[in-house]
Amino acid sequence: MTEVIVAGAGPTGLTLACELALAGVDVLVVERLPYRIEQIKGGTIQARTQELLELRGLLEPMQARAISREPAGGHFAMLPVPLDGTAWDTAHPYPLSIPQWEVEEVLEERAAELGVKVLRETAVTAVEQADDGVVVTAGGRRIEARYLVACDGAHSTVRKLLGVPFPGRPGTYTAVLADVRLSSVSDLVPKTLGHISTLTREVGDHWVMLAPVGGDRYRFTGGVAGEAESAKDRPVTSEEIAEQLRIVYGEQTVLAAVDNPSRFGDATRQVEHYRAGNVFFAGDAAHIHPPFGGQGLNLGVQDAFNLGWKLAAALRGRASTDLLDTYHPERHPAGAWVLHITQAQRVFATPRPSADAIELREVFIDLIRQPEANRHLAGQMSGLSHSYDLPGDHPLVGHRVAGLDPSLFRTGRPVLVDLAGILPDGLGATRAQPVAGLPHAILVRPDGYAAWASDTDPDLDALMGDPCWSLIG
C-alpha cells in the first residue's frame, strides 16, 4: 500500500510527486509509456511557473538545459507585440524555452532523489473507490492508496474509468507538430529563436511556425486552414511536412528527417469538479484548451503546486481534510480563465480570418502597444497577475509574494516572515530585511501565495487560525 498514487509521469505528475515526497509522503507514479518521448513540445515555462520552480531549487537545472534564445516577451494570439514581463515585479520576466522531455527529466531526477518510484509500462486499467481510499489496478497489479491523482493527460484513462464528464467545445482545426531536420534552408527560414511572431509565416491557406532549436533542428508546427479537427487521427507523413515547408518557405527549404510527428487540435474542455471522492484531477486530465501562449504545461504544474502541500498536510494530520476541499475552488477558476483567454485568441490566430477579424486585429495591435494594456495582458499570460480569493483583511492575502529569498521555501513548508520585528519570539518567524511593497509580516503558503499578512499590530488569532499555521516548523 502507498499513500498517494499519481497517474502520469508528465510535468504535472512529476511535480506533484516531488511536492509530496518532499513532505515525506509515500508516493508512487504509474505511467503507461515505456519511456519518455524526446519531443520538442510544451517548451515554454512562464514567469510564474519559473518562480514556483525556483522556490524548490528546480529552476536552475532547467535554465541550464534551456534552448538559447533572444530575450523576448510572451505573446497574445501570436500578434507582433511582445508582452512586457519587466513591467511586473519578478526576477524572471521572459518565458524560458526548454523541451518538455527535459523538464520531465529534471523533475524525475529530483523525484528519484526524494525516493519516488516511477513504474513505466504500467497503464491504469481499473479504479475502485471506498470511503477510506482507492484501489488502482495498473500493469496487472492491484495497488491500495489513500488518494489517486489523475495527471494522465487529455485522454485521461482515470477520468474515463470513473465516468467523469469532460464538457466543453470541440476543436475548430487540426495541425501537425514534429521535430524536423533541414538539409537546406531559404532566407525565409528563421535563424534565431525570437518572438513567436517572427517564427510564423502564412502563404495562402498554409501556415507554419518553424522554431530553430540548434544546428539543423527545428520544431515544426503547421497546418492548412479549414482542416477539421476530425483529421487529427490521420497519420502524419514526411511528404506532407515537406510540402508545407516548400509552399511556405520556398524550394530551397528541404526536409532531411522527421521525428515524433503528431497531430493536435484546439478543443476546449474542463471537468466540472477537480475532485471525485478520493481522486483528484490535475493538468490536462482536468482541462484542455487551444495551444496559444504556452499555457498548458504551466497550468498543470501550478495545479500540482497547489494540491501537493494540501495532500501532504492532510495525510500527516497537520491540517483538517477540509483543506483538500480548497483545491477545486482555487484551481478550477484558474483553469477556466486560461480556457477563456486561449479561446479568445482564436479570433486573431485563425489561419483564415474574416475581413472584420483582420481589421479588429490591427485595432488590438495598437491597443497592446499601450503600456497599461500590455502590462495587463503580460500578467494574464505569464500567470503573474493570478491570485486566490482567500479570507483575510490585508490586500496582499491571496496574492503571490515577490521579493523574498526563494531558498526559504526549499523545504516545501509555509514560511512566516517578519520584515519589521513586529512578531513576538517563539512563533518560528524568519527575520528578514524589509522589502519594498511588502507588509511588515507575512505567512506565505508553500506555493508562494500570502495566507496572512499584517502591517501593524498583528492579529495573532487570525494568524494561528490559518490552516498554514499548523505546518510551520
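The values are calculated or read from the model by the stated rules, or taken from the named source; none is laboratory data. Remember, predicted model here, so these are calculated numbers, not experimental data. As a convention, Cβ positions derive from the backbone with ideal geometry for all residues, glycine included, and neighbour counts pool all protein chains shown.
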Somewhere in the range 243-260, is a residue touching a residue at least 12 places away in the same chain (Cβ under 8 Å), surrounded by fewer than 19 Cβ atoms within 10 Å (Cβ to Cβ) and under 25 Å from the mean Cα position of the chain (by Cα)? yes
Somewhere in the range 16-26, is a residue β-branched (Val, Ile, Thr), at pLDDT below 95 and part of a loop (DSSP other than H, G, I, E, B)? no
All-but-one check, ASP233 against (1) surrounded by fewer than 22 Cβ atoms within 10 Å (Cβ to Cβ); (2) among the charged types (D, E, K, R); (3) in contact (Cβ under 8 Å) with a residue 60 or more places away in the chain, failing number (3)
Show me the helices (runs of 4 or more DSSP H) found entirely inside the range 341-445 where at least 1 residues are among the basic types (Lys, Arg) and modelled with pLDDT under 95. 346-349, 355-368
Checklist (1) farther than 26 Å from ALA23 by Cβ; (2) surrounded by 15 or more Cβ atoms within 10 Å (Cβ to Cβ) applied to GLU121, failing item: (2)
Kindly list, by first and then second residue, each pair from a residue in the range 55-76 that is without any contact (Cβ under 8 Å) to a residue 40 or more places away in the chain to a residue that is assigned to a helix (DSSP H, G or I) and crowded, with 18+ Cβ neighbours inside 10 Å, limited to pairs with Cβ atoms under 6 Å and residues at least 6 apart or on different chains. LEU59/GLN50; LEU59/LEU53
Looking only at residues that are part of a strand (DSSP E or B) and of a type in the set (Gly, Ala, Ser) in the range 129-155, which one is modelled with the lowest pLDDT? ALA130
Restrict the check to the range 266-277 and report whether at least one residue is of a type in the set (Phe, Trp, Tyr) and either farther than 22 Å from THR200 by Cβ or crowded, with 22+ Cβ neighbours inside 10 Å (or both). yes
Please specify each residue of the range 156-175 satisfying the condition of being at pLDDT below 95 and assigned to a loop (DSSP other than H, G, I, E, B). PRO170, GLY171, THR172, TYR173
Checked against (1) outside the structural domain of PRO80 (by TED's automatic domain parsing); (2) basic (Lys, Arg); (3) touching a strand residue (DSSP E or B) at 6+ places or on another chain (Cβ under 9 Å), ARG369 satisfies every condition except (3)
